[in-house]
Each structure stands twice: as structure tokens, then as C-alpha cells.
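Let me begin by presenting the structure, written as C-alpha cells, before commenting on it.
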Amino acid sequence: MKRLILVYLGLIILTIVSAYASGMEMDQVWIPAGIVMALAAFKFILVVMEYMEMRKAHGIWKFSIVFMAVIAALIVGIFGGVQI
């Protein structure tokens, strides 16, 4: 139970940092987007591993979850600031 509370508090702190980073004004628009997407991927991995109990799953499932989160964060972080 203590571990779940620590993860919950960590998620709250990461959400606050993400909200602050999204409001940053920089010359390159991809820097805040990259920071926010990296934090979002990390929060996703925390939720999946802790609350969905993926920590107990086979290694290939853990790898696939982390791999897909990183790929999704990279795609949105890189192309998220592009105006079409």
C-alpha cells in the first residue's frame, strides 16, 4: 500500500512539472513539447507497471510497453510542434 501512495504522489509531482513545462516560452517549440512528452511517457510507464501490475508480467510485455511509449513520445514530441 505504501508503494502505491508513493507512486501516486510521484504522478502528482510529475503532472505539476509537466504543466509548468508546457507553459515555457522558448525559441524552439519542440523543447517544451519534448519535455512534456518525456514526462507523459514516464507517467504512462509508472501507471502501467504499478497499477496494471505489469511488473509481474513476462519481460517481453514489459519491453513492448516501454518501447511503444518511447516511440509514441518521440513521434509526438518531434512532430507535435509542426504546423501543417
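The values are calculated or read from the model by the stated rules, or taken from the named source; none is laboratory data. This one's a predicted model, so the numbers in the text were calculated from it and none came from an experiment. Please note: Cβ atoms are built from the backbone with ideal geometry, for glycine as well, and neighbour counts cover all protein chains shown.
Numbers for the structure displayed
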| read-out | value |
| --- | --- |
| Single condition Met24 does not satisfy, out of (1) part of a helix (DSSP H, G or I); (2) at pLDDT below 90 | (1) |
| Members of segment 27-41 found to be among the hydrophobic types (A, V, I, L, M, F, W, C) and either in a helix (DSSP H, G or I) or loosely packed, with under 12 Cβ neighbours inside 10 Å (or both), listed by number | Trp30, Ile31, Ala33, Ile35, Val36, Met37, Ala38, Leu39, Ala40, Ala41 |
| Test set (1) surrounded by 12 or more Cβ atoms within 10 Å (Cβ to Cβ); (2) modelled with pLDDT of 90 or more - Ile60 fails condition number | (1) |
| The lone exception for Phe44 - which of (1) modelled with pLDDT under 90; (2) assigned to a helix (DSSP H, G or I) it fails | (1) |
| Which numbered condition Ile5 misses (of (1) over 17 Å from Val76 (Cβ atoms); (2) modelled with pLDDT of 90 or more; (3) surrounded by 14 or more Cβ atoms within 10 Å (Cβ to Cβ); (4) not acidic (Asp, Glu)) | (3) |
